[in-house]
1. Tell me which residues, restricted to the range 606-632, are modelled with pLDDT of 95 or more and in contact with a helix residue (DSSP H, G or I) (Cβ under 8 Å, 6 or more places away or on another chain).
2. Does any residue in the range 294-306 that is surrounded by 10 or more Cβ atoms within 10 Å (Cβ to Cβ) come within less than 6 Å, Cβ to Cβ, of a residue that is in a loop (DSSP other than H, G, I, E, B) six or more places away or on a different chain, and which pairs are these?
3. Give the range 698-708 a look and list any residue that's exposed (fewer than 14 other Cβ atoms within 10 Å of the Cβ) and either out of contact with any strand residue (DSSP E or B) (no Cβ under 8 Å at 6 or more places or on another chain) or at pLDDT below 85 (or both), or say none.
4. Could you please give the count of residues in the range 177-203 that are part of a loop (DSSP other than H, G, I, E, B) and either β-branched (V, I, T) or surrounded by fewer than 18 Cβ atoms within 10 Å (Cβ to Cβ) (or both)?
5. Within the range 325-398, considering only strands (runs of 3 or more DSSP E) that don't extend past its boundaries, which have at least 1 residues that are at pLDDT 95 or above and in contact with a helix residue (DSSP H, G or I) (Cβ under 7 Å, 6 or more places away or on another chain)?
6. For the range 389-425, which residues satisfy the criterion of being farther than 30 Å from E370 by Cβ and of a type in the set (D, E, K, R)?
7. Determine which single condition I119 fails, assuming it passes every other condition in (1) part of a loop (DSSP other than H, G, I, E, B); (2) buried (at least 23 other Cβ atoms within 10 Å of the Cβ); (3) more than 27 Å from the chain's Cα centre (by Cα); (4) among the β-branched types (V, I, T).
8. Do any strands (runs of 3 or more DSSP E) entirely within the range 450-554 hold 1 or more residues that are within 28 Å of K359 (Cβ to Cβ), touching a residue at least 24 places away in the same chain (Cβ under 8 Å) and not aromatic (F, W, Y), and if so, which?
Amino acid sequence: MKKITLLLLTLCFGAISYAQTPVLTAIVDGDCSGGTPKLLEIYADGTVDFSLYSIENQTNANTSWGATQSLADLGTVTDDFVYITTSGSSDSMISEFPSVTSSQTLVSNTINLNGDDRIRIILTSDSSVVDQYGETDVDGTGKSWEYKDSYAKRVEGTSADSGFAEANWVYAGAGSLDGLGVCQGGTDTYEVLIGGVGTYTTTTTTTPEISITAPTDGATLASTTTSVTVSVSTTDFAVGATDAGLDGHIHWSIQENSDAAVDQAMKYDTNDETISVTSGNTYTVFMELRDNSHQPLSPEVNTSVTFSVEAGSNTVTPLTSATWKGYINTFNISDGAYQFGFEYGVADMQSTITDTYVKLQPNFGIWTAEASNAAWFDSSSGTQTPILNIEGNTFVENNDLAGSDLTFEGNVSAADLDAGYTAVAFIKALDPNNGYATVVNKSIDITSAGDFTVSATAAELVEGFIVQYGFAVTGPPADPATEDSLGSVVMGVEPAGSNTVTPLTSATWKGYINTFNISDGAYQFGFEYGVADMQSTITDTYVKLQPNFGIWTAEASNAAWFDSSSGTQTPILNIEGNTFVENNDLAGSDLTFEGNVSAADLDAGYTAVAFIKALDPNNGYATVVNKSIDITSAGDFTVSATAAELVEGFIVQYGFAVTGPPADPATEDSLGSVVMGDESTAGIDDQDLITLNMFPNPASDVLNISAQNTINTVEIYNVLGQKVIRMNVEDTSAEINVSNLNAGIYLIKYEINNRTSTKKFVKN
């Protein structure tokens, strides 16, 4: 599956010298995963009726303007900022531009914009240009106005140009945002790095100003931070030496915690300053403009930021390099009374510890070693019957962890431990001054797959205590002959020669659409899509693949999808509808994807394949492996890829793709399908899962939902991917209050019988 960057446009309208006109004021091309977020800022001077305007772009070396998007949905705006975003950039938009709210945002997947493309605002009625960024018919690569992984901002006080006026923009230069942002592990958002959004004004500033642009006021930095870069900027105040004939210089100080502020060397420039910091401390940086006589301005012009560095904490995982120990405690099965304990070998306890995985099993060693010991077994009936339960502790002991917060976390990748045994992850503290009593014992059950976290505070892990973290498996001594049936708990990936998956393997399935011109096969765009919306049905007993019918109605009036000039709705794009499982744990091993097509009558206008893909996240998510086989006829299929191809760190996907034009839902019966497994065995639970009943839809105040089986949970997400409602239902029906939601399209994610699916509804 080809991954592409979907445009995140944030359109802010900046005031210009004449009223009722939109003005482009900033453009950003981010460097997060997939090249997001992307931002285009516009301001409305006076009252702007956006129904009169559209935006369109020129991509790469193209010389025609296209991808026209009406701005009518923005309504009428007076002296304020608005934004346009695409769903593909919603996550990075939320984290990198936190001040932008969904109420200000229009979602559009029409325009895709990169750092060498041009964009303009036009008057819809006659296509006259209101404002533009970038030279018409010119690829921006290598130009002064190129904004790849960078940004540009309009000069304050300049107006809409009815074209592109290069002198009216300030350019950061290509690559200025490379490796930066919260998404890259930085402390500053892109909003901070570009100097904020919505900063443009229609008039130039005449009052001296000073601002500290980094770090952010109120920021809390990671405990590992040892130095901080302080960035400062001034407006209408030239900084330099006292004899240079400039406006003045900067006096500044640093205050640590409640100590007195310490004056720093005077600044005769606006270059960054690097200061040393210590975990657990708070700092205030104060800066003030002074004239060439070292006197404060009148009125005084100063600013400050306060930030803190988190106190020290430790996080450990089961795969952390460490020395592991073993200890057994025993308890009467009859009454649970403690009997005795002793050190025991980790391997003897049937715990396997490696650099890549941890495997925990019941104890089999005691069964043979103590077979004739009446303290362990009752053999009076002629059979060997355990009378003691074993608490087998496999743990790391590290007293250096005392006096700090401690988190023990990991992921259980596989768990099938027999019901006669329990397994926990724990943090313990023993007091050597009190008979090595266990004074702290924090634990969490790990008998099912998933993430786990156990935490203890510095106040609990007192200096001088013995600190342990690890696992305990509790239950009776086990007969080695039963090893295969008693299961295990595994963290990490237990090595195996190869992996084999099938379409009926229990997994989380995803959907992604890629589109191509029908005329020339050229790739256009792609986006995530619901599996059910793609007309793929995934159950425990069968998989059914069909052409996509959803686009036909959803995009009926969209000229990017259909040509309606002849009076009929004619598709101009082919859809590659990918239904797949993404499991990166499969990287580094041979992989076989196999199954059986039980029925196939797909129309000749469509193709269906089974595939294995690998994407390289360090190379723009390029698809570096794509193995596929045709599945448009009944029979077995097999697709394979080697460990050498599925390199560790790659994103590994397996699944299906159905390719062809959007289909009219009225033709569903005639276009056929591809089925794996036995569709006839689909029970009522399967039907309930994919057909949640909702009414009314659209809804204004209350949305009613129902199903024949119990609905466990319901979550509602907006188009930006933000969760706005969550309900624990545990009933076959419920009423959801949606009165407080903004009008628009929402996604409902629901769970029935521990299986999840999604549907859409519209809020009036």
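The values are calculated or read from the model by the stated rules, or taken from the named source; none is laboratory data. On a predicted model such as this, the values are computed, not experimentally measured, just so you know. Note: ideal-geometry Cβ built from the backbone for every residue, glycine included; neighbour counts use all protein chains shown.
1. Y606 - this is the single residue of the range 606-632 that is modelled with pLDDT of 95 or more and in contact with a helix residue (DSSP H, G or I) (Cβ under 8 Å, 6 or more places away or on another chain).
2. Listed by first residue and then by second, the contacts come to V301/P208; V305/D217.
3. P698, Q708
4. Going through the range 177-203 one residue at a time, the tally reaches 14.
5. Strands (runs of 3 or more DSSP E) meeting the threshold: 388-397.
6. D400, D405, E409
7. Against the list (1) part of a loop (DSSP other than H, G, I, E, B); (2) buried (at least 23 other Cβ atoms within 10 Å of the Cβ); (3) more than 27 Å from the chain's Cα centre (by Cα); (4) among the β-branched types (V, I, T), I119 comes up short only on (1).
8. 450-456, 466-475, 489-492, 498-501
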